Amino acid sequence: MSVGRPLTPDEILDHGQRIVPSLGLATVYRNVKILAREGWLCEVELPGGGLRYELADRPHHHHFLCGSCDQAFDFDRCPDEIEGLAPEGFEVDRHEMTLFGRCAACA
Ligand SMILES: [Zn+2]
Ligand SMILES: [Zn+2]
């Protein structure tokens, strides 16, 4: 899972089968759920995308969802002065952001 982007169970299966060819999707589902429950993996649910998983200790970052190949990618830049988007007098504690478009390979 060191590819720097959240993976769907299907993608994890694809990576895993290169190491363990007999690996099955049911095993992947079972294990990601256990790893998420134990705090090693984080569930990433992007609008219009299925559940993905990433390592839980990743620093703050955002996701880019490619509408062409349906892969999600990490990026770590935040918009400047995001607090200024909130109404006057509101305090922002955290933010999430997803960008949609086409990745470099698909663009
Ligand atoms: Zn793409
Ligand atoms: Zn941010």
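Using the 1.4 Å probe convention, the accessible area of the chain works out to 71 Å² per residue with neighbouring protein chains retained. The 3J(HN,Hα) values that the Karplus relation (6.51, -1.76, 1.60; θ = phi - 60°) gives for the stretch 20-34 are, in residue order, 10, x, 8, 4, x, 5, 4, 5, 4, 4, 4, 6, 5, 5, 5 Hz. Gly and Pro appear as x.
Apolar share of the accessible surface for the chain: 52 percent from carbon plus sulfur atoms, 1.4 Å probe. Take the Cα of Glu45, step 7 Å toward its Cβ, do the same at Leu85, and the gap between the two points is 2.0 nm.
Amide hydrogen proximity for Phe75: with H placed 1.01 Å from N in the peptide plane, the residues at 5 or more positions away or on another chain lying under 5 Å are His62, His63, Phe64. Taking amide H positions as modeled 1.01 Å from N, with prolines and chain starts lacking one, the residues under 5 Å from Phe100 and 5 or more places away or on another chain are Leu65. Sparsely packed loop sites in the stretch 28-67 (the GluC sites (Glu not before Pro) outside DSSP H, G, I, E and B with at most 16 other Cβ atoms within 10 Å) comprise Glu38. Quick one: Debye curve from the C-alpha atoms of the chain, no solvent, what's log10 I(q)/I(0) at q = 0.10, 0.23 Å⁻¹? Listed by q, the Debye log ratios stand at -0.36, -1.31.
Computed from Cα positions, the angle between helix 9-19 and the longest principal axis of the chain comes to roughly 50 degrees.
Classify the stretch 60-107 as rounded, prolate or oblate from the Cα gyration tensor: take a ≥ b ≥ c as the square roots of its eigenvalues, call it rounded if a/c is under 1.5, otherwise prolate when a/b beats b/c and oblate if not. Note, shape of the stretch 60-107 comes out prolate.
The values are calculated or read from the model by the stated rules, or taken from the named source; none is laboratory data. All values derive from a computational prediction rather than experimental measurement. In this analysis, Cβ positions are derived from the backbone assuming ideal geometry, glycine residues included, and neighbour counts consider all displayed protein chains. The area values use the complete protein model at the heavy-atom level, side chains included, leaving out ligands, DNA and RNA. Shrake-Rupley method; radii C 1.70, N 1.55, O 1.52, S 1.80 Å.
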